[in-house]
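Asks: Mind looking over this structure? Questions follow.
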Amino acid sequence: MIVIDREKLAPLPLLTLAAPAIRDAYIAMTDGRANLPPVGYLALAGRNADCHVKYGYIEGDPIFVVKIASGFYDNPAKGLPSSNGMMVAISAETGDVTAVLDDKGLLTDLRTGIGCAIATMALWRSDARSIGIVGTGTQARIQIRALSALSDRPLEFMVWGRSPEKTAAVLADVADLGLSIEATTDLAGLCRHSDAIVTTTPSKEPLIRSEWIAPGTHITAMGADAPGKQELEVALVARADRLVVDLAGQCLDHGEFSAAAQARLIDEERCVALGAVLSGATEGRRSNRDITIADLTGIATQDIAIARTALEALGLL
């Protein structure tokens, strides 16, 4: 058994290397290749923290993966990262442990960022250029890097945060990209200015109002991945022309769409699988005036895809 630490994984160019595999990971959810048991979820009451256990297999792959991922959302105030975790890659032929990827949450962060960028690019308008990033944490930074690396066009970014200092830190951290990027504390203005918006916060109350969103806007909502989290007004979700999900059961149970589902404003029939959009089996955006929303709660096929890509890049598969 090989243990691979974060330091060995960090230099790999996974934002670009893993993108094709993660795109296929979504399609595998819709063409019968994916085997995904229910996600394990542990809330740590009183600690503003949680833990997810995800595992699964894609038919034909040499490995299957079990992942433990935790989020401790008060950690940044202590100078620590909010996410942590590890992945165990196991041979699909013998059951032997191929490798323990002691990535401390890096692979989860990257696969989440890549997946959200793929969804955003699949659903934004053909003329989209202005991207609003809501939040100032790890995913805000990764979204900027992933969209910049994977987009087929130059993009302009606007980043919103309650703290001007934290927002300025995001801009400093991505300064090496040489992007057109600015900070704002005006969330309504960001929403009205943006062609596409990515929400990256662990908010437990709606941040974005329906009245701020113009026809033609796309939103990728990635922050609500556990019960009680919500970034969008339910009226906005109900109003959208196209609702796209990574996995309907998860999204309606504890994702961004769960509040609207509980209010009986939407149901599973309104939800379209991202994998079906990516494969061309169904339409995503149908007009330039559609409001589209992607609710991404994270699926184990993404973990399989990025673990497999990392092991291939290291010459271990």
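Asks: Regarding ALA305, is this residue crowded, with 20+ Cβ neighbours inside 10 Å, closer than 23 Å to ALA140 by Cα, in the same structural domain as LYS204 (by TED's automatic domain parsing) and under 16 Å from the mean Cα position of the chain (by Cα)?
Replies: Numbers: crowded, with 20+ Cβ neighbours inside 10 Å: yes; closer than 23 Å to ALA140 by Cα: yes; in the same structural domain as LYS204 (by TED's automatic domain parsing): no; under 16 Å from the mean Cα position of the chain (by Cα): yes.
When the stated conditions are applied, ALA305 does not pass them.
Asks: Please determine, by comparing only the residues of the stretch 195-234 that are more than 19 Å from ALA119 (Cα to Cα) and touching a His at 6+ places or on another chain (Cβ under 6 Å), which one is surrounded by the fewest Cβ atoms within 10 Å (Cβ to Cβ).
Replies: Restricting to residues being more than 19 Å from ALA119 (Cα to Cα) and touching a His at 6+ places or on another chain (Cβ under 6 Å), the top hit is PRO227.
Asks: Let me ask something else. Answer yes or no as to whether ALA122 is under 12 Å from the mean Cα position of the chain (by Cα) and farther than 21 Å from ILE304 by Cα.
Replies: In short, no.
Asks: Being in contact with a strand residue (DSSP E or B) (Cβ under 8 Å, 6 or more places away or on another chain), surrounded by fewer than 14 Cβ atoms within 10 Å (Cβ to Cβ) and within 30 Å of LEU80 (Cα to Cα) is the filter here, so list the residues in the stretch 6-54 that pass it.
Replies: GLY40, LEU42, ALA43, LEU44, ARG47
Asks: Looking only at the stretch 56-103, how many residues end up being in contact with a Pro (Cβ under 9 Å, 6 or more places away or on another chain), of a type outside the set (Ser, Thr, Tyr), modelled with pLDDT under 95 and surrounded by fewer than 18 Cβ atoms within 10 Å (Cβ to Cβ)?
Replies: Within the stretch 56-103, residues that are in contact with a Pro (Cβ under 9 Å, 6 or more places away or on another chain), of a type outside the set (Ser, Thr, Tyr), modelled with pLDDT under 95 and surrounded by fewer than 18 Cβ atoms within 10 Å (Cβ to Cβ) number 1.
Asks: Can I ask one more? Which members of the stretch 61-82 meet the condition of being among the acidic types (Asp, Glu) and within 26 Å of ALA99 (Cβ to Cβ)?
Replies: Step one: of the stretch 61-82, the residues among the acidic types (Asp, Glu) are 61, 74.
Scanning the stretch 61-82 gives a single hit, ASP61.
Asks: While we're on this one: Inside the stretch 170-194, can you point out the residues that are part of a helix (DSSP H, G or I) and either loosely packed, with under 15 Cβ neighbours inside 10 Å or touching a helix residue (DSSP H, G or I) at 6+ places or on another chain (Cβ under 7 Å) (or both)?
Replies: Result: VAL170, ALA172, ASP173, ALA175, ASP176, LEU177, ALA188, GLY189, CYS191, ARG192.
Asks: May I ask you to list the residues in the stretch 158-169 that are in contact with a helix residue (DSSP H, G or I) (Cβ under 8 Å, 6 or more places away or on another chain) and β-branched (Val, Ile, Thr)?
Replies: If the condition is that a residue be in contact with a helix residue (DSSP H, G or I) (Cβ under 8 Å, 6 or more places away or on another chain) and β-branched (Val, Ile, Thr), then VAL159 is the only one that fits.
Asks: For the stretch 48-108, which strands (runs of 3 or more DSSP E) that fit wholly inside it have 2 or more residues that are closer than 27 Å to LYS166 by Cα?
Replies: In the stretch 48-108, the matching strands (runs of 3 or more DSSP E) lie at 49-58, 63-72, 83-91.
Asks: Within the stretch 106-113, does at least one residue satisfy the condition of being of a type in the set (Gly, Ala, Ser), closer than 30 Å to GLY315 by Cβ and crowded, with 24+ Cβ neighbours inside 10 Å?
Replies: Scanning the stretch 106-113, I find at least one residue that is of a type in the set (Gly, Ala, Ser), closer than 30 Å to GLY315 by Cβ and crowded, with 24+ Cβ neighbours inside 10 Å, so the answer is yes.
Asks: Based on what the data block shows, is ARG264 surrounded by fewer than 24 Cβ atoms within 10 Å (Cβ to Cβ), in contact with an Asp or Glu (Cβ under 8 Å, 6 or more places away or on another chain) and more than 20 Å from ILE208 (Cβ to Cβ)?
Replies: Taking the combined requirement at face value, the residue does not satisfy it.
Asks: Right, here's the next one. Could you say which residue among VAL244, VAL237, VAL272 is buried (at least 24 other Cβ atoms within 10 Å of the Cβ) and either over 15 Å from the mean Cα position of the chain (by Cα) or over 26 Å from LEU107 (Cβ atoms) (or both)?
Replies: When all the criteria are applied, what remains is VAL237.
Asks: Still on this model: Given the criteria in the same structural domain as THR136 (by TED's automatic domain parsing) and farther than 20 Å from THR112 by Cβ, does GLU256 qualify?
Replies: Taking the combined requirement at face value, the residue does not satisfy it.
The values are calculated or read from the model by the stated rules, or taken from the named source; none is laboratory data. Remember, it's a predicted structure, so these values are computed and weren't measured experimentally. Here Cβ is always computed from backbone atoms with ideal geometry, including for glycine, and neighbour counts include all displayed protein chains.
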